[in-house]
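One structure is given here, and the rest of the page talks about it.
The values are calculated or read from the model by the stated rules, or taken from the named source; none is laboratory data. Predicted, not measured: the structure shown is a model, and the values here were computed from it. For neighbour counting, all protein chains shown are included, and Cβ atoms are generated from backbone atoms with ideal geometry for every residue, glycine included.
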Amino acid sequence: MKAGQATTAVIGGGLHGLACALALVQRGQDVVLFERSWIGRRASGATAAGVRTLWRDPAEIALSLEALERWYRMDALVGDDCGFRAGGQIKVAESHAEMEALAARSARTRDLGFHHEELIDPRELRRLAPMISEHCVGGLIARRDGAADPHRTIAAFRGAAEGYGAVIREGISVMALEPDAGGWRVVTDAGNWSVRHVVNAAGAWGGQVCRMVGEAIRFGYKASMVFVTERVQQAFGPVFSTVGRPLSFKQSSQGTLVVGGGIQGWADLEKGSTQVDFRALARGAAAAQTLFPAIRNVQIVRAWTGLEGKTPDLLPVIGPSARAPGVFHTFGFSGHGFELVPLVGEIIADCIMHGRSHYDIGAFDVARLLV
Amino acid sequence: MLKPDLLIVGAGPAGMSAAIVAARAGLKVVVVDEQPTPGGQIWRGVEANAGTSRGRALGAQYCSGLATVRAFRECGAVYWPSTRVWQIEPTLGTYVTGPGGTRVITPRLVLIATGAQERPAPLRGWTLAGVMTVGAAQILLKNPGSVPSEAVWIAGCGPLALLYAHQLVRMGGAVAGFLDTRPSTPLRESLRLAGRAVLRSSGELAKGASWYAELRHRAGRYVPGVVDLQALGTDRLEGVRYRTAAGRVEEIRTSLLLIHEGVLPELHTVRSLGCEIQWDAGQAAYRPVLNEWGECSHPDILIAGDAAGIGGAEAAVHRGRLSALRILQRLGKVAAEPGMTEENCRTALARALALRPFLDRVFRPRGEIFAPDDDTIVCRCEELRVRDLRAALAGSVGPNQLKAFTRAGMGPCQGRQCGLTVAALIAAAEGRQMSDVQPFRVRPPLKPVRLCDLAGLADEGLSS
């Protein structure tokens, strides 16, 4: 690759940017990836790393099931299993009304032809989660789901992409995108690059990259919080969420408990700064304690706030730009993009190289968000 | 008192002195401290010990803290003992958990007086049971007054190690041996640093010299210029190996080793707020960037005492008072005591700090501490060795990525034990100065907090 020239420039060094870069270099393209701070600095490094097909928006189910298969052969894809453990994901019902909601959901998904979610009764729930509170009446489980290690995932995707020849430039900001003969000029704070294609994988800043190519969209951000405890002896296999509370609860492979659930902290997109709001996070702690009363004395050792793009319908933006030929989007995963990482990179690579993907990505078209 | 004028974190010499000035002047002051009684580390338990034989053994300087503690008790400040501050938001919302449960305080100003911590000094085998710090051992002397039944081995450098040995002997304990890791310093150069302070502080100097003399006389063995210190054992400490100044490798058998390599400002709270810090080469430590009042880069936070830079108890008292005077000025009040003027405080502070450059030079830690060998554990929580971190350093930039790669600093100590060593390893690997390397970003909470204590803040969802 000549300095300042590449076939494709990827903007954003989170997992989706890395996965795109990997898929493109595997298909023989020259790729340069620009990351403003460092690889995995934002949502990818802050995620609770759930590998979840459970309770997805119907529009995402097919993609998430396809992505899940890739998690089972991650080692072959990126040279590491990324710490993926398939302990299942369970949405817990705390009342009969909630159990009915789960049953209705289950019926709807089956009608759509999907069979990955299964209703479980209290006995099966207690078999899977012996420490769960007495009041829980059942749940909905996706048995092949699980969770991974976010930092191992970042390292593996980065290593694989670089191994195939992707050029990763950290600490470089993209300032502007200008149409250029047959492609785009990427104006950065460290010189210009001429490329044919641009991938917008800028996460919370995906809307700003859209504006660079004249594509104003309705777009916001999420500042979801996570906290982690000291290591505990108890074994919690599955990842737990609830119908009625903001909670995602799991035990990491290190033995710590990782609690999230989309409770919002504070963020300043312009400064790129975030702040934990413990008053809000208390609801997550209360929910975890309600589900598992035995953990009430476990010590919380760290908490943080991620920063992630959010669309009005909470579906990602995947596919070509509506207005700028040669620009492709993969951002706005609205807090549930981690599981989709190993698939979406391939989809974007196919869009770039073949003009289309054989997956149905119509629901993720940026056109729906144009103002 | 959830909206006081001033919140003071720490009831040591600086925190108490500031509280006395501020409360007497009419401010609403809340003082939060982790210990059950006031005094900080230096005057820990002084109310119970002063006037007893234990108090006398701990010395006159220790007992002198009683007057400050009494004045603090009576000054009108609200005092919450046994209470942890585990989060301060940039808008000063402060989360504390104590016997009264978890509360959020929103003061107008915050004074951080969290004191010092012992400098983490990784050596091979330092995680073995039977190895503890001199600071921890001194806590035992002051609290339950338990004197180790066997003669102890002490290895290290710094006034606290000498003071401990002195106090231990006075309380009937015995020093089996003192492995002095202090690098030799040209006496003339050091004394020049003390300058005219030598004349004014001759008493202090004489006291230090007498501790040394006592140590050489009373300790079973005194070994100067020790390097390559290593704790031996499989499950617990069995012995210590070291090299003498003459280059001879020696080994002793012991089941207890006390280590100490000086003290550092406790900066966890300060750094969590993004306050600017700088590397102080003289003290081989990071310290906050402060003006002459203790004001830092956050407009509503002040820092006093050893957290502002190591100065000792006497300096902490005067720094605490100066910060309080500044706070009074900012909130439109004046000090109630006639002699409590800026000028008097500055004169007293200068006197208290006069000997400091000399002490810093004489007790400057050996370079080995910042460059332990490959086999030494750096991050105790995650049991990571120097070699693990060096390997990860090849592919990462900066401490925060190193943390993500290796989990160093992610455990319950939150990087307090490994942060400085990691910064030093990065500086060495990249040929940079410590002043160019920042330690890990601090993640909240500042101290571990029980799940139920956080849950208690939620409006709904309590199961109990």
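Does B:Leu402 satisfy being under 21 Å from A:Ala303 (Cβ atoms), within 13 Å of chain A (Cβ to nearest Cβ) and at pLDDT 90 or above? The answer is no for B:Leu402. Selection of first residues in segment A:102-116 that are free of Cβ contacts under 8 Å to residues at least 40 places away in the same chain and within 18 Å of A:Val243 (Cβ to Cβ) and of second residues that are among the charged types (D, E, K, R) and crowded, with 17+ Cβ neighbours inside 10 Å, restricted to Cβ pairs under 6 Å at least 6 apart or on distinct chains, gives the following pairs, ordered by first then second residue: A:Ser106/A:Glu117. Counting only strands (runs of 3 or more DSSP E) that sit completely within segment B:23-96, those holding 2 or more residues that are closer than 24 Å to B:Leu267 by Cα and within 14 Å of chain A (Cβ to nearest Cβ) correspond to B:84-88. Counting only residues that are β-branched (Val, Ile, Thr), part of a strand (DSSP E or B) and closer than 28 Å to A:Arg302 by Cα, segment A:189-246 holds 5 of them.
Screening B:Ala71 on (1) surrounded by 17 or more Cβ atoms within 10 Å (Cβ to Cβ); (2) among the aliphatic types (A, V, I, L, M); (3) out of contact with any Lys or Arg (no Cβ under 6 Å at 6 or more places or on another chain) shows it passes everything except condition (1).
Does B:Gly262 fit the bill of being of a type outside the set (A, V, I, L, M, F, W, C) and surrounded by 23 or more Cβ atoms within 10 Å (Cβ to Cβ)? It is true that B:Gly262 is of a type outside the set (A, V, I, L, M, F, W, C) and surrounded by 23 or more Cβ atoms within 10 Å (Cβ to Cβ). Candidates in segment A:172-188 are the residues that are of a type in the set (A, V, I, L, M, F, W, C) and part of a strand (DSSP E or B); of these, the one that is farthest from A:Glu308 (Cα to Cα) is A:Trp184.
Suppose we keep only residues that are out of contact with any Lys or Arg (no Cβ under 6 Å at 6 or more places or on another chain) and on the phi > 0 side of the Ramachandran plot within segment B:379-420. Which one would you say is surrounded by the fewest Cβ atoms within 10 Å (Cβ to Cβ)?
Only one residue tops the list, namely B:Glu383.
In segment A:219-276, the residue that is surrounded by the most Cβ atoms within 10 Å (Cβ to Cβ) out of those that are within 22 Å of A:Phe333 (Cβ to Cβ) and charged (D, E, K, R) is A:Lys250. The set of residues in segment B:380-399 that are within 28 Å of the chain's Cα centre (by Cα), within 13 Å of chain A (Cβ to nearest Cβ) and either without any contact (Cβ under 8 Å) to a residue 40 or more places away in the chain or part of a helix (DSSP H, G or I) (or both) comprises B:Cys381, B:Glu382, B:Leu384, B:Gly398, B:Pro399. Within segment B:420-449, being more than 12 Å from chain A (Cβ to nearest Cβ), over 21 Å from A:Arg42 (Cα atoms) and in contact with a strand residue (DSSP E or B) (Cβ under 9 Å, 6 or more places away or on another chain) holds for B:Leu420, B:Thr421, B:Val422, B:Ala423, B:Leu425, B:Gln433, B:Met434, B:Ser435, B:Asp436, B:Val437. For A:Pro130, the criteria (1) assigned to a helix (DSSP H, G or I); (2) without any contact (Cβ under 8 Å) to a residue 12 or more places away in the chain; (3) not acidic (Asp, Glu) hold in every case but one, which is (1).
Picking from B:Ala423, B:Ala336, B:Ala350, which residue would you name as being crowded, with 17+ Cβ neighbours inside 10 Å and either basic (Lys, Arg) or not assigned by TED's automatic domain parsing to the domain that holds B:Leu232 (or both)? It is B:Ala423.
In this entry, A:Ser64 passes the filter for residues that are of a type outside the set (A, V, I, L, M), out of contact with any helix residue (DSSP H, G or I) (no Cβ under 7 Å at 6 or more places or on another chain) and outside the structural domain of A:Asp350 (by TED's automatic domain parsing). Number of residues in segment A:277-301 that are over 20 Å from B:Val104 (Cα atoms), within 7 Å of chain B (Cβ to nearest Cβ) and not in a loop (DSSP other than H, G, I, E, B): the value is 6. Filtering B:Pro372, B:Pro338 for residues that are assigned to a loop (DSSP other than H, G, I, E, B) and either under 22 Å from the mean Cα position of the chain (by Cα) or on the phi > 0 side of the Ramachandran plot (or both) leaves a single hit, B:Pro372. Segment B:101-140 holds strands (runs of 3 or more DSSP E) entirely within its bounds, and those carrying 2 or more residues that are within 30 Å of B:Ser297 (Cβ to Cβ) and touching a strand residue (DSSP E or B) at 6+ places or on another chain (Cβ under 9 Å) map to B:101-105, B:109-112, B:116-118.
Here segment A:303-336 is the region considered, the condition is being of a type outside the set (A, V, I, L, M), touching a Pro at 6+ places or on another chain (Cβ under 8 Å) and crowded, with 23+ Cβ neighbours inside 10 Å, and the residue that is farthest from A:Ser194 (Cα to Cα) is A:Phe333. Mind checking whether some residue in segment A:129-148 is away from chain B (no Cβ under 14 Å) and exposed (fewer than 15 other Cβ atoms within 10 Å of the Cβ)? Within segment A:129-148 (the criterion being away from chain B (no Cβ under 14 Å) and exposed (fewer than 15 other Cβ atoms within 10 Å of the Cβ)), the answer is yes, since at least one residue qualifies.
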